Amino acid sequence: MGKVIIFGNTQTAELALYYLQNDSEHEVAGFTVESQYIHEPEFHGFPLVPFETVEQQFPPLEYLFFAPMTAAGMNQVRARVYEQGLAKGYQYISYISSHATVLTDKIGENCFILEDNTIQPYVQIGNNCVLWSGNHIGHHSRIGNHVFFTSQVVLSGNCQVNDYCFFGVNATIRDSSVIGEGTFVSMGASVMKQRTEPWSVWKGSAAEKSTISSKDLKF
């Protein structure tokens, strides 16, 4: 347990503050974001300092770091900030809701796991992942780094999810599937195939591969 610096000054950072204050033993000490996005010196009454120089005011040996960001740029923006925080020397926390059912201890750092998630035995989750509320993560599934689950996603058992994937609300993935790096599964899609190609987009029920690349998506 320790003092934590949260990256961001948007609604996601605001939610992180709420969860850490109400369902965590960590103490929030301040916020940080790139200087171009700072318009006030404080956020929710805490100091808001430039990320470029955050280690000067909040030394890595004294403070922990948390960057629970959105899936912008197919999670690559969050991955960049995560890597920059590591380069500055920070150790990351993860937030796992006390209202989630978590039956594994194989969860990496800088993960943001909200209420009502069911994570079954033998699941492995990498670093820098977000699981919004109400997902089902099936037994023996392996989730890579920089992955984003929205809500009510069903990932069936024994799946392999590679880095940078995104799953829209109510998406369903069949058992033993291999989800290629950077796959975008749209809202309500049902992926019935055993394997998806890297940086592909899947939509519909049963989902079919789109003609565009997930790298071209703007959200």
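Odds and ends about this structure:
- Placing +1 on the Cβ of every Lys and Arg and -1 on the Cβ of every Asp and Glu, with no other charges, gives the range 171-219 a dipole of roughly 60 debye about its Cα centre.
- Reachable aspartates and glutamates, given that their alpha-carbon falls under 14 Å from the alpha-carbon of residue 215 and they are not under 8 places away in the same chain: 163, 181, 197
- Taking 0.36 nm per residue of sequence separation and removing the Cα-Cα distance, the residue 217/residue 194 pair yields an extension gain of 5.9 nm.
- Neighbour counts of other Cβ atoms within 10 Å put 177, 141 in the fewest-to-most order 177, 141.
- Tensor-based shape of the chain (alpha-carbon gyration tensor, a/c under 1.5 rounded, otherwise prolate or oblate): prolate
- Over the chain: helical MRE at 222 nm, DSSP H runs n ≥ 4 each giving -39500 (n - 2.57), nearest 500: -3500 deg cm²/dmol
- Debye log10 I(q)/I(0) for the range 72-174, one point scatterer per Cα, at q = 0.15, 0.21 Å⁻¹: -0.54, -1.06
- The distance between label points at residue 37 and residue 174 comes to 3.9 nm (points 7 Å beyond Cα on the Cα→Cβ vector).
- Relative contact order of the range 3-87, defined on C-alpha pairs under 8 angstrom at six or more residues apart (%): 33
- Taking the longest Cα principal axis of the chain as reference, the axis of helix 11-22 is set at about 70 degrees.
- Helix 76-87 vs. the chain, principal-axis angle (Cα, 0 to 90°, nearest 10): 40
- Gain upon complete extension [residue 115, residue 61; 0.36 nm per residue less C-alpha separation]: 16.4 nm
- Checking the Cα-Cα distances for 88/203; 193/218; 3/106; 3/88 against a 28 Å cut-off, the pairs over it are 88/203.
Taken together, the values in this text are just the output of simple stated rules run on the coordinates, not laboratory data. None of these values were measured; they are calculated from a predicted model. Heads up, the Cβs are rebuilt from the backbone with ideal geometry, glycines too, and the neighbour counts pull from every protein chain shown.
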